[in-house]
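Take a look at the structure below.
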Amino acid sequence: MSVSRDVFQTNTELAKFRHPSSTTRIVPIDTRVSVGSDGAQYKWKASGAEWKNDNGGSICAARVGGNIGLSGDGMNAGFEGKAVWAEKKFGLVHVGAGANVDTGLRISADGMGATILGFGFQAGNIGYGIKTPFCNITI
């Protein structure tokens, strides 16, 4: 069993609007540093605008972000770059569409994944997926 503690976390935005079933954030900037019994992780992301629906759908404009982490069962490091991106979960299937240049590597006990300039794959307990610069699908 691993125990994790957020050492530092910020969620900030220029404006935030809550609707009955969704949230819109203008210029959201999120950072998170966490340290646990099995390792440490740092994540950050910023967008021009972001809309999230309570049923698992989201749309973002001009998102950039990054992460780096090291734990007892693996590592992850990556960069996220999206122009316009929409995501939706349909049961076990997760679909994303838009334009992206995501790049990163993740290896852990749960599986592995690699992406270079939007092209990539993932396999393991977290699902099996294929990625292109214009769409992603994970099952």
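For K16, the lysines whose Cα falls under 26 Å of its own Cα, not counting residues fewer than eight places away in the same chain, are K43, K45, K52, K82, K88, K89.
Overall, the chain carries a charge dipole of about 320 debye about its Cα centre when +1 sits on the Cβ of Lys and Arg and -1 on the Cβ of Asp and Glu, all other atoms neutral. Rounded to the nearest Hz, the phi-derived 3J(HN,Hα) couplings of segment 100-113 under the Karplus curve 6.51 cos²θ - 1.76 cosθ + 1.60 (θ = phi - 60°) are 9, 10, 4, 9, x, 9, 9, 9, 8, 5, 7, x, 9, x, where x marks glycine and proline. When a/c reaches 1.5 or more, the comparison of a/b and b/c decides; with that in mind, is segment 64-139 rounded, prolate or oblate per its Cα gyration tensor? Since a/c reaches 1.5 but b/c is at least a/b, the shape of segment 64-139 is classed as oblate.
Result for the chain in a Gaussian network model with C-alpha springs under 10 Å: among N100, N76, N125, the largest mean-square fluctuation is at N125. The H on the amide N of G36, modeled in the peptide plane, is under 5 Å from the matching H of R5, each at least 5 residues off or on a different chain. Relative to one another, the C-alpha centroids of segment 98-116 and segment 46-61 are positioned 21 Å apart.
Listed by chain and number, the aspartates and glutamates whose C-alpha is less than 14 Å from the C-alpha of K131, apart from same-chain residues fewer than 8 away, are E80, E87, D102. What the Cα atoms of segment 4-138 give is an Rg and a Dmax of 15.3, 41 Å.
Every number here is computed from the coordinates shown, using simple stated rules; none is lab data. Here the structure is a predicted model, which means the values were calculated and not measured. A quick note on method: Cβ atoms are made from the backbone with ideal geometry, for glycine too, and the neighbour counts reach across all protein chains shown.
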